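This report refers to the structure that appears directly beneath it.
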Amino acid sequence: MKTRKPTTSAARGSSSSSPPSQTLPLFSNMPRKSSLFKHTLIATVFFLLAIYAFFSTFFHTPLPPSDSNSDSSSFLLDLGGVSSQENPIPFPERVKVFMYDLPHKFTYGIIQQHSLARGGSPVPEITTLNYPGHQHMHEWFLFSDLARPQSDRLGSPVVKVTDPEEADLFYVPAFSSLSLIVNAGRPPGSASGYSDEEMQEQLAEWLTGQEYWKRNNGWDHVIIAGDPNALYRVVDRVKSAVLLVSDFGRLRPDQGSLVKDVVIPYSHRISTYTGDFGVKDRTTLLFFMGNRYRKEGGKIRDLLFQILENEEDVVIKHGTQSRENRRAASRGMHTSKFCLNPAGDTPSACRLFDSIVSLCVPVIVSDSIELPFEDIIDYKKFSVFVETTTALKPGYLVSLLRKVPEQKIIEYQKAMKEVCAIFTALFPFSIHYLLHYY
């Protein structure tokens, strides 16, 4: 939840262990905000639950034991001495969350509409439908976690309550990102007749009519709008709530900001790399596969294509989302040392998280990017940041990456492996850390 912008024309981050002759990029400092509203703190805890659900589902990472020698434990010790054996820390009072029982047209009904638009058949009980995989699945992970009985959620710092009078936060579990893609990519005439815009209007009307929304104009409500275009039609009517977003690329400053909202990660779409650390099987220096032509800040992609497409040991391909292209991207990322992560239509993209699970060092070329939970996760330990103007200098990027020694790449890979567990390990200690920090 920091504002952090590049301050040098080079990538951010160097290591004192690097050889003196090596010219590595410099990382800018990441200044912290001095104060935030009280409800932002609570919302951040809610965000950690989303992170917990997301990573435990995709990485299948169990909560680590209290071992002071483990990677996650040492990370938590660095944050402030957290070790249940040596420095036991009691949780403060846990945050109580009330999840609205929304009409099915805002949840399972959207899953059904997505299925029907793709040739599926109606089912007698829509709650048996499976949520389809896509890059903004946070809304499903959090919904399914809070739908479980509280007895199955022991150890969570967030308590699900059934009495709204007891709640600190109110979660609105609408599947806004899935709604946005119900008809996406369908041939003309094959759409189901479903309207995302109508869903948004109906949701806003329903929500703003609720007693507990009216009580303080929804500032203690939490809404996931993972896709940058989710809820675009009604965001002005719900902007007082805490929004969980992938970035602020489609939001005006009065609609969303780090003062009240939380940046959440994408769901990775690439298979997880299961091999060993090292570069022996990574014969490609730099890899990118994605849409070459994007709008706004994403126009840099075409310029990077022009600079890099003829470089030796660089693979840069145009490709849209498809099952076949995801398989090709998996192979490419798993056999590359570095993966290019340029801006898209908005500053962020799921490719960063694809890179992490592929142990392919992210090279981030997106000057306005805000990354999930930057106050705790130090992205410069496993990523290379390069300013846009610098990345567009012919020969600069490949020259920079070729100078990175094998041992440094392995350090990056180990940090990527570690960060997957860290996201989950942070969960049980989050309230203590945040109260300590703020």
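Relative to the present Cα-Cα distance, how much length would full extension add between V161 and K214 at 0.36 nm per residue of separation? Numbers along the way, then the final one.
Details: separation 53, 0.36 × 53 = 19.08 nm, distance 1.96 nm.
That works out to 17.1 nm of additional length.
A simple spin-label model places pseudo-atoms 7 Å from Cα toward Cβ; at A147 and S257 they are separated by 3.6 nm.
Where only protein heavy atoms count, and the probe is 1.4 Å, what is the accessible area per residue for segment 284-426 in Å²?
Numbers: 5390 Å² over 143 residues.
Heavy-atom accessible area per residue stands at 38 Å².
As a fraction of the 1.4 Å probe accessible area of segment 284-426, surface on carbon and sulfur atoms comes out at 49 percent. At q = 0.19 Å⁻¹, work out log10 I(q)/I(0) for segment 284-426 with the Debye formula, treating every Cα as an identical point scatterer and leaving solvent out; two decimals please. The computed values of log10 I(q)/I(0) come out as -1.19.
Could you check how much of the accessible area of segment 131-282 is carbon and sulfur, as a whole percent, using a 1.4 Å probe? Carbon plus sulfur share of accessible area: 50 percent.
Label-to-label distance, L154 versus Y396, with points set 7 angstrom from Cα along the beta-carbon direction: 5.6 nm. Among the lysines of segment 284-426, pairs at least eight places apart or on separate chains and with Cα atoms under 15 Å apart come to 11. With the whole protein complex present, K380 retains an accessible surface near 80 Å², based on a 1.4 Å probe.
Between E201 and E309, what FRET efficiency comes out of the Förster formula 1/(1 + (r/R0)^6) with R0 = 51 Å and r the beta carbon distance, rounded to 0.05? For E309 and E201, the calculated efficiency is 0.70.
Listed peptides 262-269, 403-410 appear in the order 262-269, 403-410 once ranked by packing, highest mean of other Cβ atoms within 10 Å at the front.
The values are calculated or read from the model by the stated rules, or taken from the named source; none is laboratory data. The structure presented is a predicted model; accordingly, all values stated were derived computationally and were not measured. Quick reminder, even Gly has a Cβ in these numbers, built from the backbone with ideal geometry, and neighbours come from all protein chains shown. Surface accessibility is based on the protein's heavy atoms, side chains included, excluding ligands, DNA and RNA. Shrake-Rupley method; radii C 1.70, N 1.55, O 1.52, S 1.80 Å.
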